[in-house]
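Presented below is the structure to which this report refers.
Each reported figure results from applying straightforward, stated rules to the coordinates on display, with no laboratory input. Quantities reported herein were computed from a predicted structural model and do not represent experimental measurements. When we count neighbours, we look across all protein chains shown, and the Cβ atoms used for this are built from the backbone with ideal geometry, even at glycine.
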Amino acid sequence: MVTLFGIPSQVLFGQLLLGLINGSFYALLSLGLAVIFGMLNVINFAHGALYMIGAFVAWLLLTKLGLGYWWALGLAPLAVGLLGVVLEKTMLSRLYKLDHLYGLLLTFGLALILEGALRHQYGVSGQPYPIPDLLKGGQNLGFMFLPNYRGWVVVASLVACLGTWYAIERTRLGAYLRAATENPVLVQAFGLNVPVMITATYGFGVALAGLAGVLAAPIYQVNPLMGSNLIIIVFAVVVIGGMGSILGAIVTGLGLGLLEGLTKVFYPEASNIVVFVVMAIVLLIKPAGLFGRER
Amino acid sequence: MPDTVMTRPAATGTGAAMLEISDLHAFYGESHVLHGVSLEVRQGEVVTLLGRNGAGKTTTMRSIMGIVGKRTGSIRFQGKELIGMTQHRIPRLGIGYVPEERGIFASLSVDENLILPPVVKSGGMTIEQIYTLFPNLKGRGSTQGTRLSGGEQQMLAIARILRTGATLILLDEPTEGLAPVIIEQIAVAVRKLKQRGFTIVLVEQNFRFAATIADRHYVMEEGHVVDMIPNDQLAQNMDKLHTYLGV
């Protein structure tokens, strides 16, 4: 048995993998939050609930329509995105002229409604969701055992995150988005339909959350509280990385996941709070976040 | 008491009326900012809005683009009524806006800034033609937009409108805060644009610059137009202008 720093390598790398997986979810969710905050100036408290809806859509597709994981991977984010578009168009957009606090309160209320409705329907014990056949089993890498599905989660999240980063920083559409984030009045004065851009951004941001929900379904139980457990840590991640920074959200999410994993190995008592300790330190030293720009 | 426009035939630009503003009132929230502005711009003309700070010149520009709070009255562009139109459709009729603050985006490169405003009409300038007009912008494509100097940012702000095919250009204080050498460069560019047939509404406090380019000057004071002076009568009206502008 190989040991590193006195810890068996299986344990160390196992925890690091767990940390990387958690980090992947942190990254995906904080990316959506960052994109939404950058464009809409709204702290989307409903983000965790919409992640949970993504998982539930996957579960419902399977149990009611017999549509498996690969269908869910495409349809669930679409469904959540559409729900986001409806929420933005009918409710959120009315609050833009007011204090940001109202947007926060609205999304918080929406989260409670969504979670409450599903809790009423399905209770809090989770629904199981099977790992797709293609991704069952794992690889023995010598220093650790890598379950295929876990590896897939990390890869898929990375692809989604980097794809989003590329779309925003390197494409024409992304340029429209960045410009509208900076000066929406002027962008509209050039003839671009900014309200539509805003709606699409919210829809896309929550679709990312829905995607995370599908990825999470086979790992965690599909239950109405899965989002609220996760969302507090994700907020801490966004604060640390810097609101409105795409790269910051990705790097911070993965990094903090790894940090949590390492903490679990060497000092498990602190593993629940290590993210918040880092957040406190960052707020004291660089309040705009590690990658943030002063707003 | 609303002032009427003194319509004397312009020295140049005898084309059809491109922009007609009648009795425009504008409000920022509760604040009544424009009190019945009326003016007209014919195709191919360069017309300036002169006046002191707070006279309502920029507000008039913003009213045309629809980015002011509430407006009453009439603003017609090539016969189409702009008040009541969905805001983002107005530039698509062929009106380009170069705001006072220039509005170069920090999160975009120079290239991205240049191609941001969508093409609204055919006949816009090509990138090559733009670089010929503004050689300072050539080769700066990947630089962050706000890293350019003030004068270069002003050129970029004008250049990106020229690409869109807009035929009416609203230029708000293009020379503000710029060195005389740069002002001259911009003046040369604006004169070339006039030669190419663009119609330009120019807000300027620097009326020496305005006099070298414009066909007619509207003077604004406290939210309405108080006078109109054709450029060839500028010399005789200097005293009057000094009173209006408080110089």
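Quick notes on this one:
- Prolate/oblate/rounded label for the range A:79-182 (Cα gyration tensor, a/c 1.5): oblate
- C-alpha center-to-center spacing [the range A:194-214, the range A:104-123] in angstrom: 19
- For chain A, built as a Gaussian network whose Cα springs stay under 10 Å, the top-fluctuating residue of A:Ile285, A:Ile198, A:Ile21: A:Ile285
- The residue among A:Ser245, B:Gly151, B:Thr60 whose Cα reaches farthest toward the positive pole of the charge dipole of the protein assembly as shown, with charges on the beta-carbon of Lys, Arg, Asp and Glu, is A:Ser245.
- Of all DSSP bridge pairs formed entirely within the protein assembly as shown, close to 65 percent run antiparallel.
- Shape class for the range B:11-82, computed from the alpha carbon gyration tensor (a ≥ b ≥ c): oblate, with a/c not under 1.5 and a/b at or below b/c.
- Residues of the range A:216-251 falling in the label zone of A:Ile273, defined by backbone nitrogen less than 17 Å from a point 7 Å along Cα to beta-carbon, are A:233, A:236.
- Shape class for the range A:241-295: oblate, because the ratio a/c of the largest to smallest gyration tensor axis (alpha-carbon atoms, square roots of eigenvalues) is 1.5 or more and b/c is at least a/b.
- Karplus-derived 3J(HN,Hα), 6.51/-1.76/1.60, for each residue of the range B:38-52, Hz, glycine and proline x: 9, 7, 9, 10, 9, 4, x, 7, 10, 10, 10, 10, 9, x, 6
- In order along the range B:169-184, the Karplus-derived 3J(HN,Hα) couplings, from 6.51 cos²θ - 1.76 cosθ + 1.60 at θ = phi - 60°, round to 10, 9, 10, 9, 6, x, 9, 4, x, 9, 6, x, 4, 6, 4, 5 Hz, and Gly and Pro are given as x.
- Restricting the range A:1-109 to chymotrypsin sites (Phe, Trp or Tyr not before Pro) in coil, as DSSP defines it, with at most 16 other Cβ within 10 Å: A:Phe5, A:Tyr96
- Helices of chain A meeting both criteria, an alpha-carbon length of 27 angstrom or more along the long axis and an average Kyte-Doolittle score not below 1.0, with helices taken as full DSSP H segments, are A:9-40, A:69-90, A:194-216, A:246-266.
- Only one residue of B:Ile75, A:Leu290, A:Ala49 has its Cα farthest out toward the positive end of the dipole of the protein assembly as shown, where Lys and Arg carry +1 and Asp and Glu -1 on Cβ, and that residue is A:Ala49.
- Check: the protein assembly as shown dipole with +1 on Lys, Arg Cβ and -1 on Asp, Glu Cβ, in debye: 960
- Over the protein assembly as shown, DSSP H runs of length four or greater, each weighted -39,500 (n - 2.57), average out per residue to a 222 nm ellipticity of -16500 deg cm²/dmol.
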